[in-house]
Structures are given as structure tokens and as C-alpha cells.
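The values are calculated or read from the model by the stated rules, or taken from the named source; none is laboratory data. The structure displayed is predicted, hence computed values, not measured ones. FYI the Cβ positions are ideal-geometry reconstructions off the backbone, even for glycines, and counts take in every protein chain you see. Note: accessible area is taken over every heavy atom of the protein model, side chains too, but ligands, DNA and RNA are not part of it. Shrake-Rupley method; radii C 1.70, N 1.55, O 1.52, S 1.80 Å.
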Amino acid sequence: MTALSLTSALKDDILVVGLAQGAPARKGGKASLVIESGELALDTKTLEEILTDLGATGKADEVIKIPGNSVRLLVFTGLGKASQQYGHETLRRAAGAAARVLTNQKSATFALPVRGIQDVSAVSQGAGLGAYLFNEFRSDESATSTSPLAAAKIYTPQASKAEYKEVANEASVIAAYTHLARNLINTPPSHLNPSTFAARMVNEVKVAGGTRAGLSITVMTESALKSKGYGGITAVGQGSANPPRLVRISYTPTGKVKAAKKYAFVGKGITFDSGGLALKPALGMEAMKSDMSGAAAVCAAVLAIAALKLPIAIDAWAPLAENMVSDNATRPSDIITIYGGKTVEVLNPDAEGRLVLADALQRAQEEKKLDAIFDIATLTGAQVVALGTRTSAVMTNNQALSDAFVSLTEKTGELFWPMPLPSELRASLDSPVADLANIGDRMGGMLVAGIFLKEFVADDLPWLHLDIAGPAYNDRSPHGYTPVGGTGIGVRSLIAIAQEQI
Ligand code: BES
Ligand code: MN
Ligand code: ZN
């Protein structure tokens, strides 16, 4: 993990600065280039001329490296349109794009236009999030010896102030646990199944300090799940040679710190979604190794919240199963009993996420004094159709909670857009033989899935359902601080929920 720190002096061989598109010198002319190095003074005139010669544009995601005089390497990272005040996400992405291309480098100083502590926080996070590689399964020398930027120093005259150091430390924690989520997502189902996922979490809790850090973990095995009536998790997992698990990681603040609120986080943990007997088409099926992104997010978030010692109690629940095809797989028309007693007719075994979530949501609510419950899941293809690959959806039974959450996106940069749960769609989930069917109207499939989950949440408990199907996994090109593969989306939002106590 890249070491993040602050500096008020330029000592590195590598300097990262911003490049923006300024107003044209004359009307109708070409946009001029503006070097944005914040409070670090640079002789920009000649550099701007060189960059113009090189065809630089200053657009977001453009990164240009040139040899320097006083430093060995100058790195220009695009900020888009020049501004007096760059947005946090603009800065986060620009820092991330630069960090991403600085592989095998020891150290770089980031001098970007930061005005105040929130900007420093954004640049620190961007650098930490961007410096990520997943090389675990490569055997060739050249790939295995490639490593992310080892140290990022954020330039600010306030470097020695305690509250500034605090945000750099917070950024390290956020980046490290986002990397954990990405690693879990990128690990293929040959190496990550419900039991190995659970074992890795047991180890992570130990490494994070265990009870000393206020953390505890329990893992329920398949036989325990069966005997306790977790019909959703067992029905989804029963077609696989790798049996299901339910992981719970709890955090309560230690010492004098008292928990102001208590939240439950529930994350969908399908370690591979073949579709079951409703087998998915081969094209793109490999991306379904990412169907545990919600579980990865809740586990990473609770560990980060513990590392940050936030004054909040969290129960993170990860219902883990592998949705496979076999003579023992759940058949269309099977009726299962969700934890707590509701029956569901499984019309489509590919609508499995809602079944494991229903069990976990019910179980999570047995805990006393919850202030709110949040679920996060790669739940529906309809989410991707509606909002694309970079914007997630939020659905709720509590408008105020949803509004507070959406306003957090300004802080985190993770895009979420509110979606309704129209009551007329509920009837499409009626079953002639059970309390509910697991599929309903195909139109508005994301909302139907949300309405299904709502059946398993108490009306008076504030609840958010986050569908991250599109943004969880990037099978296109890297951009900003986002790599190819698992993105770790949701980790920052869950941490922010605990920080802001929404
Ligand atoms: N894991 C998928 C949803 C998904 C699709 C996630 C694309 C990421 C990218 C989920 O289990 C699923 O298969 N949903 C079905 C539901 C349908 C059968 C009602 C879907 O969306 O097609
Ligand atoms: Mn599915
Ligand atoms: Zn799925």
C-alpha cells in the first residue's frame, strides 16, 4: 500500500501538478493551457509552451510526463476546465490518474490546486486509490515485479498541522480497505468461495487487532444455516460443491468512546453467479466473479470504521454463496422459507441475490436498537441499463435518510442516484402458491428487486438499498483512480455514513 504523507517542501525527483484548459487567448481561438500547482511556485510560462507543442489539452484523464530541470520528472494530470475552485472529485480523479501511471516509482510529490483541508483530503485519497495493481496471479517476471507508486506526498504549506495529518491518515485507511475490497472482487472463484472468503475475513479481523480494536467475527457454516432456517442462503448455495456461509463482523468503539448510533450493513456475497438453472449466457459470465462486491464493501467498510475508531456501532453481514448448476441446484418452482418464516417461490434461480439478502436482512434486524439498515448489492442488470456503469442507485423506505445519503456523494465522489419503489409493482411479485415470488414485472426490474427486499425490512426502520451492479466492476478502461476490475465502490460511502452519522 502506498505510503501517504504531507509535505511543505519539494524534495522528490517526481513532481505531479495539474493541467487545466483556460480561456482562449482571443475569441474563437484555441483554449490556452494553465498549469495548476497550487501553492508551489513554478515557472509555468515555458512549460505551458512545451505542453502546447506536445499537443496537451488538460482534459481529465490526460497524463503527460516530461523530463524536468529541478526535478527529474514532471507529471501533468488533467483537471478539465480551469477554475478558481476545483471540485473534490476532480482533484481526487486527477491525483488518481497520475498515481496510476507512476508504477515502479519510489516517491512522488503531488502539488495540485488545494484550497483547504477537504481538497488535501481528496488529493490524498485519489493518490492512494489510484496506486493499485492486482498481480497476484501472474507468473511472468515483468508483471510480478511491477509495483504501484510506493510513496505519495501531498504538497501543502499546512503539512505540519494535526488536522491535516489526520485527513492523510484517514485517506490511507480508506485506500487500504478499498484495495482489500478490490482484491476480493478480483480474486476468481477458483480461489475465493464462501469458505475462503470467510477465512480471509477471520484473518483480516485478527490483523486489524480483533477485540482490542472492538472487532469480533462469527462465521455460520452450511449445517448451522440449515438448522437455523436460513432458507435463502442455503437454497442459493445448495447447487455448489462450495457450501455457503454467513459472516458477521461487529464493531463497537472501545475505551471511553461511546457509540452514538448503531447501523447494520448487509452485502450480497455471491462468489460466482452462473445463474444457476437459469444459466447465464457465456458471453460476459466471467464478470460474475464480482457478484460478491457488496459483501466485500461491507466487510472492508467495517474494518475501516474500526481503524478510524469512529464512535458508531456496526454489524456487517455477508451472506456468501456460490450460485451454480447441479442435480442439487434449486429448481424453478421450488418454494423456500426465508429466515423468519416468509415463503418464496423461486421462479428464476438467477434472481438469487435477493434471496440471500432477505435472510441476512431479517437476521440483522434481530439485533436490538438499530438506528438504520443499509444493504449493498450487485443486484440487477436493470440497474446497469438504467444508470450505466458509473452511477449506482439508491432506494429507500425513508426519504430523509436517502436525501442525507445522496448529499454525502459530494464528499465521497461515489455517484448514487435516487430511484423510487412504486407500490403498484408489488403485485407483480405475488405468487399463487407462496407468500412471494422471487421475480416480478421485467420492466423496472431494479425497482422490483428493491420492492422484494422491502418485504423483509420493518416499515419503521430507516433503510437504504444500494444497487451497485454497474459500478462495482470495470471491464472497460481504467479512469481517474478507478482501475480495471473490481472498483471497491461503496466502501467510501459506507465509511462516510458512519463518519457523518446520517
Ligand atoms: N448478479 C446479477 C445482476 C448483475 C447483472 C450484476 C449484471 C452485475 C452485472 C443478478 O443476480 C441477476 O442475475 N439478476 C437478474 C434478475 C432477473 C432474473 C430478475 C437480472 O438482472 O437479469
Ligand atoms: Mn443472478
Ligand atoms: Zn447475482
**Study point:** Loop-located trypsin sites (Lys or Arg not before Pro) in region 59-92, at most 15 other Cβ atoms within 10 Å (DSSP)
**Key:** 59, 72
Check your understanding: Accessible area of residue 425, 1.4 Å probe, to the nearest 10 Å²?
Key -> 30
Exercise for review: With a 1.4 Å probe and every protein chain left in place, tell me how much accessible area residue 83 has, in Å² to the nearest 10.
Suggested key: 40
Study note, to complete from the structure: For region 3-159, dividing by residue count, accessible area per residue (probe 1.4 Å) in Å² works out to 47
Practice item. Give me the accessible area of residue 164, 1.4 Å probe, in Å² rounded to the nearest 10. Key: 20
Revision key, fill the gap. Of every hundred units of 1.4 Å-probe accessible area on region 174-500, the number belonging to carbon and sulfur atoms, as a percent, is 54
Review point. Is it possible to state the helix-based mean residue ellipticity at 222 nm for the chain, with each DSSP H run of 4+ residues giving -39500 (n - 2.57), the sum divided by total residues, to the nearest 500 deg cm²/dmol? What is it?
Key: -10000 deg cm²/dmol
Check your understanding: Spin-label point model (7 Å from Cα, Cβ direction): what's the residue 260 to residue 106 distance in nm?
Key -> 4.3
Practice item. Please work out how much length the chain gains when fully extended from residue 476 to residue 65, using 0.36 nm per residue of separation minus the C-alpha to C-alpha distance, in nm with one decimal. Key: 145.6 nm
Review point. Of 439, 335, which has the most accessible area and how do the rest follow, probe 1.4 Å?
Key: 335, 439
Revision key, fill the gap. For the chain, shape from the Cα gyration tensor axes a ≥ b ≥ c, cut at a/c of 1.5 then a/b versus b/c, turns out prolate
**Study point:** Angle in degrees between helix 399-412 and the longest Cα principal axis of the chain, rounded to the nearest 10
**Key:** 30
Practice item. Excluding residue 306 itself, calculate the net charge of residues whose Cβ lies under 12 Å from the Cβ of residue 306, where each Lys or Arg counts +1 and each Asp or Glu counts -1. Key: +1
Check your understanding: So, in nm, how far is label residue 5 from label residue 162 when the simple model puts each one 7 Å beyond its Cα toward the Cβ?
Key -> 2.0
Exercise for review: Compute the acute angle (0 to 90°) between the alpha-carbon long axis of helix 88-101 and the principal axis of greatest extent of the alpha-carbon atoms of the chain; round to the nearest 10°.
Suggested key: 80
**Study point:** For residue 478, net neighbour charge (Lys/Arg +1, Asp/Glu -1) across residues whose Cβ lies under 15 Å away
**Key:** +3
Exercise for review: In whole angstrom, note down how far apart the Cα centers of region 440-482 and region 100-169 are.
Suggested key: 31
Check your understanding: Contour minus end-to-end for residue 54 and residue 151, with contour as 0.36 nm per residue of separation and end-to-end as the Cα-Cα distance?
Key -> 32.1 nm
Review point. Tell me, what HN-Hα J-couplings in whole Hz come from the Karplus equation 6.51 cos²θ - 1.76 cosθ + 1.60 at θ = phi - 60° for each residue of region 160-172, using x for Gly and Pro?
Key: 8, 6, 4, 5, 6, 4, 4, 5, 5, 5, 4, 4, 4
Revision key, fill the gap. The ³J(HN,Hα) series, computed from each phi in region 419-429 with the Karplus coefficients 6.51, -1.76 and 1.60 at θ = phi - 60°, rounded to the nearest Hz and given as x for glycine or proline, is 10, x, 10, x, 5, 5, 6, 4, 4, 5, 8
Exercise for review: Return one number: the angle in degrees, 0 to 90 and rounded to the nearest 10, between the long axis of the Cα atoms of helix 491-500 and the longest principal axis of the Cα atoms of the chain.
Suggested key: 90
Study note, to complete from the structure: The summed charge of the residue 201 Cβ neighbourhood (under 12 Å; Lys/Arg +1, Asp/Glu -1) stands at +3
Point to revise | Selection of trypsin sites (Lys or Arg not before Pro), region 329-420, meeting DSSP coil and at most 11 other Cβ within 10 Å | key: 368, 369
Check your understanding: For the residue pair residue 328 and residue 144, what label-to-label distance in nm results when each label sits 7 Å from Cα along the Cα-to-beta-carbon direction?
Key -> 3.6
